[in-house]
Amino acid sequence: MLKKIFKSFTGLFLAALLLVSSVSANSASAASENAKDCVPKKVMWGKTELKSGQLGKVTVLKETKLYALKENKLEVHKTLPVKGEYRVYTFKNHASGDVYGVGGGYYVKKDSLIKYETPSKRKLALVKENGCDKGQAVKENEGGFFWKAEKNGNTVYMLGSIHLGIEEFYPLNSKIQKAFDQSKNLVVEADIVNMNVLAFQQLVAEKAIYADGSSIEDHVSEEILAKLKEAFASYGVDFNQIKQFEPWYLQMLLENIKSISPEYKAELGIDYYLLSKAGNKKIIELEGAEFQINMMDSFSEAVQLKLLEETLKSESADGQLAAMIKAWQTSDDDAIAKLLFDVPDNSPEYKEYMTELLDNRNIGMADKIAKYLTGNTKETYFVVVGAGHYFGDMSIINLLEKKGFKIEKIQ
C-alpha cells in the first residue's frame, strides 16, 4: 500500500532520474504545438487510440521484451505483459531481425510472441474525418486541479502536477495557460530540467549507497533477494551493478523501470513541460532534489524495506498511473482523494512514511507560499507540485485557509 501512494502522487525526483538518462521536452512541445488550435476526436482501435501517422499495432501474445536502439544495438528495457497493445509508427530491418517502432525510441521484435495488425480503411477514414484539418469547433482540455489566492497585491496560482504524462494533456486548459503566461515566477518542487546532472549523480552515490560497504544482500531475506534478482533480470538489469544501493533507491529504480512505456513519459509530465516553457520566468524551488533525496534516505530501514516489498508485489504501474491520469484529465477531486487516502494500512511504517511524505512537506510548502502572498513585491507566482499535496486534512489548501487566506478553486 505504501508503494501505491508513493508512485501515484509524489513522484519526487522520478523525472530527474529519468532526466539523467537524457530525456527531453521535445514530445511535450510538439504535442502542444500540434494541438494548439484543435483537439481531435478519438478513434479507438481495441485498447488504444488510433493516431494519425500510425502504421499499425502489436498485441503481445506471450511476454516479450521492449528494446531501445543504442549505437545500432538493441538493449532490453522492460518486459511487456501478455495482451498489451502498442502503437507502431515505424518498421526497421535490424541486423538481429525486423523490429516494430512503438514510439519513444523503443522497439519490439517481429516474432511469434506478438501479433501485428494494420488498421482498416474505415478506421483510417475516421481518423482523417475526426482530425483537425476541417476547422471544426472542438472542446478544449478540461483537465487539471487548479486554485488561486490573492493578498497584498500578490497572486499565487496553484496547479496539481502529474509527473508522468500523455500527449492528450496538451494544450493545457486556457485558464491554466493564461495564468502561466501572466506569472513572473514559476515555483516547483525541484527544477528537474535545469539541474546539474553530475552533481545529482554524485549526491545519489553519496546517499543511496551503503556507507559501511554492505549490500542489499546483507539486509533482506533470501526470499526477497530472489524476487529482487528476478525482477531486475526481467528488465535486463545486472543485479551485481546495483546491489550496493539501499532499499529506497532500489524501490525507486524498479518503479521507474516499470513506468517506462510508449504511453507515459516524463517529458510529458506537467511540471517538466512547464519548466521547459519557463522562458524568462524566475524558477523557484520549494524543496530541490537534495532535500527530497535526504528525506528518502532518512526513512528507517523498516519503511524502506516495506516500500521495496510492496513494489515487488506489483506487476505493473500502468493501472494506477492510468487511473491517476484519468482523474487529472477530468479534474475529478473525489477520484484523486480516493486514490490517495483509501489505503487501509495502520502500520507504524505507513504512519511514518505518510507524515514525512505529505504532512511535513505540505507544512513547509504552505509556509513558503504564504510568504509569497504576504510579501511587498506585488508579483504573480505559478506553483506546480504533485497533485496529492493539495488534498487531505493536511493539504496545502487547508493549511493556507487555516492561515486566513481565501482560496479560489478555478477547476
Residue order, fewest to most surrounding Cβ atoms within 10 angstrom, among Ser215, Ser112: Ser112, Ser215
For His219, His163, His389, order by how many other beta-carbon atoms lie within 10 Å, fewest first: His219, His389, His163
Cα gyration tensor shape for segment 196-334, rounded if a/c is under 1.5, else prolate or oblate: oblate
Summed residue charge, Cβ within 15 Å of Lys73's Cβ, Lys/Arg positive, Asp/Glu negative: +2
Test item: Cα-centred dipole of segment 44-129, Lys/Arg +1 and Asp/Glu -1 on Cβ, debye: 180 debye
Neighbourhood charge, 11 Å Cβ-Cβ cut-off, centred on Glu168 and excluding it, Lys, Arg +1 and Asp, Glu -1: 0
Cα gyration tensor shape for segment 113-223, rounded if a/c is under 1.5, else prolate or oblate: oblate
Listed residues Asn93, Val108, Trp45: farthest to the positive end of the dipole of segment 44-129 (Cβ charges): Trp45
Sorted by Cβ density within 10 Å, fewest first, the residues Ile325, Ile176: Ile325, Ile176
For segment 387-402, 3J(HN,Hα) per residue [Karplus equation, 6.51 cos²θ - 1.76 cosθ + 1.60, θ = phi - 60°, Hz, x = Gly/Pro]: 4, x, 6, 9, 10, x, 4, 9, 6, 4, 4, 4, 5, 5, 5, 5
Selection of trypsin sites (Lys or Arg not before Pro), segment 314-398, meeting DSSP coil and at most 10 other Cβ within 10 Å: Lys378
Prolate/oblate/rounded call for segment 44-129, Cα gyration tensor, a/c under 1.5 rounded: prolate
³J(HN,Hα) computed for each position of segment 76-87 - Karplus, 6.51 cos²θ - 1.76 cosθ + 1.60, integer Hz, glycine/proline x: 5, 10, 6, 9, 8, x, 4, 6, x, 10, 9, 5
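A short reminder: the numbers here are calculations on the coordinates, not readings from a lab. The structure presented is a predicted model; accordingly, all values stated were derived computationally and were not measured. Neighbour counts are summed over all protein chains in view; Cβ atoms, including those assigned to glycine, are modelled from backbone coordinates with ideal geometry.
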